[in-house]
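The values are calculated or read from the model by the stated rules, or taken from the named source; none is laboratory data. Note that the structure is predicted; figures quoted are calculated from it, not measured. Every residue, glycine among them, receives a Cβ derived from its backbone with ideal geometry; neighbour counts consider all protein chains shown. Calculation scope for accessible area: heavy atoms of the full protein, side chains included, ligands and nucleic acids excluded. Shrake-Rupley method; radii C 1.70, N 1.55, O 1.52, S 1.80 Å.
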Amino acid sequence: QVQLVESGGGLVQAGGSLRLSCATSGRTFSNYAMGWFRQAPGKEREFVTAISRSGSSTYYADSVEGRFTISRDNAKNTVYLQMNSLKPEDTAVYYCAADPTIYLGNYVSRTRTAYDYWGQGTQVIVSS
């Protein structure tokens, strides 16, 4: 298993920025594609972004494309989510997740079921 711990959430004004971190255990971090999901009050948990094992491939939901950036530092066993130009609609609990599947061609999954391990979540609130 992989243990995931998110941090960096908080309250920020619309248009501001925030960076989330997800620390993982073990030296095999590079064997996992990593994703970020979010869940707003009263809504389903939705895909935000994901990054391949090497970091060479990324995918973003349309709602965050151009504003959010996912990155990873395999030496530090950490994945990051840089969030810029934040909107009130971005308010949610953000979850880090790990996908152990070895995909061909640096494919990254956008589906919840592909991710076997999840963090506890960190709250992001964007005020108007």
(message) I need a count of the residues in the stretch 68-115 that are surrounded by 15 or more Cβ atoms within 10 Å (Cβ to Cβ), of a type in the set (A, V, I, L, M, F, W, C) and part of a loop (DSSP other than H, G, I, E, B).
(response) 2
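For (1) in contact with a Ser or Thr (Cβ under 7 Å, 6 or more places away or on another chain); (2) hydrophobic (A, V, I, L, M, F, W, C), each residue gets a yes or a no:
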| residue | (1), (2) |
| --- | --- |
| L11 | yes, yes |
| F29 | no, yes |
| R38 | no, no |
| Y59 | yes, no |
| T91 | no, no |
| Y107 | no, no |
(request) Answer yes if at least one residue in the stretch 10-26 is assigned to a loop (DSSP other than H, G, I, E, B), without any contact (Cβ under 8 Å) to a residue 24 or more places away in the chain and either among the hydrophobic types (A, V, I, L, M, F, W, C) or more than 15 Å from T111 (Cα to Cα) (or both), and no otherwise. (result) no
(request) Please enumerate the residues belonging to the stretch 3-56 that are open to solvent by 50 Å² or more (accessible area, probe 1.4 Å), of a type in the set (V, I, T) and in contact with a strand residue (DSSP E or B) (Cβ under 7 Å, 6 or more places away or on another chain). (result) V5
(request) Kindly indicate whether E65 is open to solvent by 50 Å² or more (accessible area, probe 1.4 Å), out of contact with any strand residue (DSSP E or B) (no Cβ under 6 Å at 6 or more places or on another chain) and not in a loop (DSSP other than H, G, I, E, B). (result) no
(request) Within the stretch 43-61, track down each residue that is in a loop (DSSP other than H, G, I, E, B) and either of a type in the set (S, T, N, Q) or in contact with a Leu (Cβ under 9 Å, 6 or more places away or on another chain) (or both). (result) S52, S54, S56, S57
(message) Pairs needed: first member in the stretch 53-67, touching a residue at least 12 places away in the same chain (Cβ under 8 Å); second member anywhere, in a loop (DSSP other than H, G, I, E, B) and loosely packed, with under 11 Cβ neighbours inside 10 Å; C-beta distance under 9 Å; at least 6 residues apart or different chains.
(response) R53/I102; Y60/G66
